[in-house]
1. Somewhere in the stretch 261-268, is a residue open to solvent by less than 20 Å² (accessible area, probe 1.4 Å), within 12 Å of the ligand (Cβ to nearest atom) and touching a residue at least 24 places away in the same chain (Cβ under 8 Å)?
2. Do we find that SER67 is closer than 30 Å to PHE341 by Cα, open to solvent by less than 70 Å² (accessible area, probe 1.4 Å) and either in a loop (DSSP other than H, G, I, E, B) or of a type in the set (Gly, Ala, Ser) (or both) in this structure?
3. Could you tell me whether any residue of the stretch 62-69 is within 16 Å of the ligand (Cβ to nearest atom) and touching a Leu at 6+ places or on another chain (Cβ under 7 Å)?
4. When residues of the stretch 324-341 are filtered for being of a type in the set (Lys, Arg) and either without any contact (Cβ under 8 Å) to a residue 40 or more places away in the chain or in a loop (DSSP other than H, G, I, E, B) (or both), how many remain?
5. If we scan the stretch 279-287, do we find a residue that is at positive phi, in contact (Cβ under 8 Å) with a residue 24 or more places away in the chain, open to solvent by 30 Å² or more (accessible area, probe 1.4 Å) and within 16 Å of the ligand (Cβ to nearest atom)?
6. Which of the residues that make up the stretch 48-64 are more than 22 Å from CYS356 (Cβ to Cβ) and not in a loop (DSSP other than H, G, I, E, B)?
7. Could you go through the stretch 157-170 and let me know if any residue there is open to solvent by 30 Å² or more (accessible area, probe 1.4 Å), outside the structural domain of GLU55 (by TED's automatic domain parsing), within 13 Å of the ligand (Cβ to nearest atom) and farther than 18 Å from GLY388 by Cβ.
8. Of the residues that sit in the stretch 1-58 and are farther than 30 Å from PRO80 by Cα and hydrophobic (A, V, I, L, M, F, W, C), which one is most open to solvent (accessible area, probe 1.4 Å)?
Amino acid sequence: MQGDERFDTASPDEIRRGETTDVYFKNTHQILIKKNVSRGVVAEFTASSLPSGAEWGVFAGVDELISLFEGLKIDLYSLPNGTVFLPKDIHRVNVPVAVIEGDYSRFCIYETPALGLISHASGVATRAARIKSLLMDRRLISFGARRVHPAISPFVDKYAYIGGCDAVSSIKGAELIGKMPSGTMPHALFLIMEDQKKALRAFDEVIPEDIPRIALVDTLADEKTEAILAAETLGKSLYGVRLDTHSSRRGRFEDIVAEVRWELDIRGYTDVKIAVSGGLNEKNIPLLKKAGAEIFGVGTSISNAECVEFAMDIVEVEGKPFTKRGKFAGRKEPFRCDTCFSWVCIPAQKRTIPRCPWCHTRMRRMLTRVIADGKPLVKRETPEDIRGRVIQQLARIEEINEGLRSG
Ligand code: PCP
């Protein structure tokens, strides 16, 4: 095995040589070559469902998809990176998030890595977006690098950021998104310094001033005791306190947060922010926000999010609609209504632009050609720009839901 034998990962060259593919695609390729069978096809990437509980998904991983197919004599079409999508349109037709066109034997061995890239990226981005939609006015930091294989932690942090996280904790992940890594101090600092005041003063002395002073306040004593100690020790330079209370001590974590908030406020530390981390998810985050938490460090729930189960299916062979049971034959153009985010797929040969059955507005064509005959047609967008697109859509979804709530 050539790749990185120390950490058992495939190298980029091995991925591009199709060596991470499922063997039955290699068998198929051999048969087609041996039997000299060449068929021009259209294949669509669709999701029949979303991770549990998700009403919508964030399509992601386009950059990597282009890197995989670049140089192959095929055409690739894709939704923009960071598009909020639904797996099915208003008629329950599967929405194609990407489409590949060309001689099947040229790309058949890449189905596995292609699906892996978009399923993983979209799973992480979707979960991050769902959590960010609960925290649009709060700071959300990805703490998940320690929960995944280090070789992919930059990838995971990139899509946690694209999905909506405001920052990431890992150095390589932050580099990939062009941002400063975010993080303050682990419990180990206090255990090694054996004295909270000494540890806090050392942090304040050594760490560059532009790093916010967020003191961890649950290592040796009660959170409110350590929070008051931190405030009295660092005074004005204390930006916040982080509660990472061990699960054995948690009980109702939101009540501990409310208590610390009260104790800081009655002593005049009203500007000191409260950060929380450890086991955070969509269920407990709203309670912690209500209790006064303003900064949220989320690891496992985002980094180990369920993937979006995409599939790639041939829908046309030599220009004729032809597909397997359970799928919809023929090439489709997906359109989205920018007002209510509903989707309509129409047969590609129909050149009409549909109107949204609810808003009656012209819907927007969503697929763009990103590779022509192996040549990339689009420049990589910055993670910040893609994240901006996601945040805009989350704001629109909030407006739509607000409209529905107020009837
Ligand atoms: C770590 C970090 C978060 C945990 C892990 C990651 O805690 O502070 O609380 O988030 P997750 O639970 O969402 O995956 P510890 O390892 O307890 O603490 P330390 O900060 O000392 O590393």
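1. Looking for residues that are open to solvent by less than 20 Å² (accessible area, probe 1.4 Å), within 12 Å of the ligand (Cβ to nearest atom) and touching a residue at least 24 places away in the same chain (Cβ under 8 Å), one finds none in the stretch 261-268, hence no.
2. When the stated conditions are applied, SER67 passes them.
3. Filtering the stretch 62-69 down to residues within 16 Å of the ligand (Cβ to nearest atom) leaves none.
For the stretch 62-69, residues within 16 Å of the ligand (Cβ to nearest atom) and touching a Leu at 6+ places or on another chain (Cβ under 7 Å): absent.
4. Taking the stretch 324-341 and keeping what is of a type in the set (Lys, Arg), we get 324-325, 327, 331-332, 336.
Checking the rest, the ones that are also either without any contact (Cβ under 8 Å) to a residue 40 or more places away in the chain or in a loop (DSSP other than H, G, I, E, B) (or both) come to 324-325, 327, 331.
Counting residues in the stretch 324-341 that are of a type in the set (Lys, Arg) and either without any contact (Cβ under 8 Å) to a residue 40 or more places away in the chain or in a loop (DSSP other than H, G, I, E, B) (or both) gives 4.
5. yes
6. Across the stretch 48-64, the qualifying residues are VAL62, ASP63, GLU64.
7. yes
8. Going through the qualifying residues, I end up with MET1.
The values are calculated or read from the model by the stated rules, or taken from the named source; none is laboratory data. All values derive from a computational prediction rather than experimental measurement. Cβ: placed from backbone, ideal geometry, glycine included. Neighbour counts: every protein chain shown. What goes into the accessible areas is simple: the full protein's heavy atoms, side chains included, and nothing from ligands, DNA or RNA. Shrake-Rupley method; radii C 1.70, N 1.55, O 1.52, S 1.80 Å.
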